[in-house]
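Colleague: The structure's right below; bear with me while I get my questions together.
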Amino acid sequence: FNIVKKKKSSDGNEFEDIDFLINDIEMIENDDSLSVTEREQLIAARKGQGKYRKELIKLYGKCIITGIPYEFMLRASHIKPWSACESAKERLDPYNGIVLAAHIDALFDKGWISFSNDGYILLSKELDETTVKQLSLAGRKIKKFPSFSHGYLEWHREHLLR
């Protein structure tokens with residue numbers, strides 16, 4: 001799968017190219033190796049909806065850092081990104097996900113923060129001190145992650161943490 005293609009706007013910000021999102025959904029629909037249920041779940045997850053998000057909300061209930069409980073403000077974030085997953089099972093595994101407020105999700109997706117298995121927030125050396133203070137990230141520990149998430153967290157730390 002070539003799942004997400006990022007483009008840069010004129011101001012230099014990255015965004016998902018909707019043409020690639022549509023193409024990705026068509027690729028999923030035409031993948032004969034997937035069951036009908038897997039196809040439906042992958043398409044729903046790709047659109048940011050569906051069973052995957054519901055499972056994560058059930059597992060975590062709120063943003064694991066801020067405690068924000070309002071679902072419209074939360075992102076069902078993959079720990080090992082969708083594009084790096086090797087199977088539908090990895091893409092749909094709720095233990096390959098966490099619930100984060102949108103601004104925290106942006107930091108996590110870009111590798112500015114990650115997590116230790118026991119719940120410490122790990123900060124990129126490139127993340128400026130002002131942001132760390134404003135978001136109260138320094139030295140924070142959250143709830144320990146389930147053991148099923150540890151492999152995904154290790155992947156995130158090794159491949160994305162700056």
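Colleague: If you go through the range 139-150 one residue at a time, how many are open to solvent by 50 Å² or more (accessible area, probe 1.4 Å) and either aliphatic (A, V, I, L, M) or not in a loop (DSSP other than H, G, I, E, B) (or both)?
Modeller: 3
Colleague: Follow-up question, since we're still on this one. Out of all the residues in the range 48-64, which are in a loop (DSSP other than H, G, I, E, B) and in contact (Cβ under 8 Å) with a residue 24 or more places away in the chain?
Modeller: Gly48, Gly61, Lys62, Cys63, Ile64, listed by residue number.
Colleague: Yes or no: the range 45-64 includes at least one residue that is of a type in the set (Gly, Ala, Ser), open to solvent by 30 Å² or more (accessible area, probe 1.4 Å), under 19 Å from Asp93 (Cα atoms) and at pLDDT 90 or above.
Modeller: Yes - at least one qualifying residue is present in the range 45-64.
Colleague: Among the residues of the range 65-95, which ones are open to solvent by 50 Å² or more (accessible area, probe 1.4 Å) and without any contact (Cβ under 8 Å) to a residue 40 or more places away in the chain?
Modeller: Hits for the range 65-95 are Thr66, Pro69, Tyr70, Glu71, Phe72, Met73, Arg75, Glu86, Lys89.
Colleague: Continuing with this model, one more query. Filter the range 28-44 for residues that are assigned to a helix (DSSP H, G or I), in contact with a helix residue (DSSP H, G or I) (Cβ under 9 Å, 6 or more places away or on another chain) and either among the hydroxyl-bearing types (Ser, Thr, Tyr) or modelled with pLDDT of 85 or more (or both) and give the result.
Modeller: Ile28, Glu29, Glu38, Arg39, Glu40
Colleague: Would you be able to tell me the number of residues in the range 89-138 that are closer than 21 Å to Leu59 by Cα, in contact with a strand residue (DSSP E or B) (Cβ under 7 Å, 6 or more places away or on another chain) and in a loop (DSSP other than H, G, I, E, B)?
Modeller: 2
Colleague: Same structure again: In this structure, is Glu158 assigned to a helix (DSSP H, G or I), farther than 30 Å from Glu40 by Cβ and of a type in the set (D, E, K, R)?
Modeller: yes
Colleague: Looking at the range 96-138, which of the residues that are at pLDDT 95 or above and at positive phi is surrounded by the fewest Cβ atoms within 10 Å (Cβ to Cβ)?
Modeller: Only one residue tops the list, namely Gly119.
The values are calculated or read from the model by the stated rules, or taken from the named source; none is laboratory data. Remember, predicted model here, so these are calculated numbers, not experimental data. Using ideal geometry, Cβ is built from the backbone for each residue, glycine included, and neighbour counts are taken over all protein chains shown. Surface areas here come from the heavy atoms of the whole protein model, side chains and all, with no ligands, DNA or RNA. Shrake-Rupley method; radii C 1.70, N 1.55, O 1.52, S 1.80 Å.
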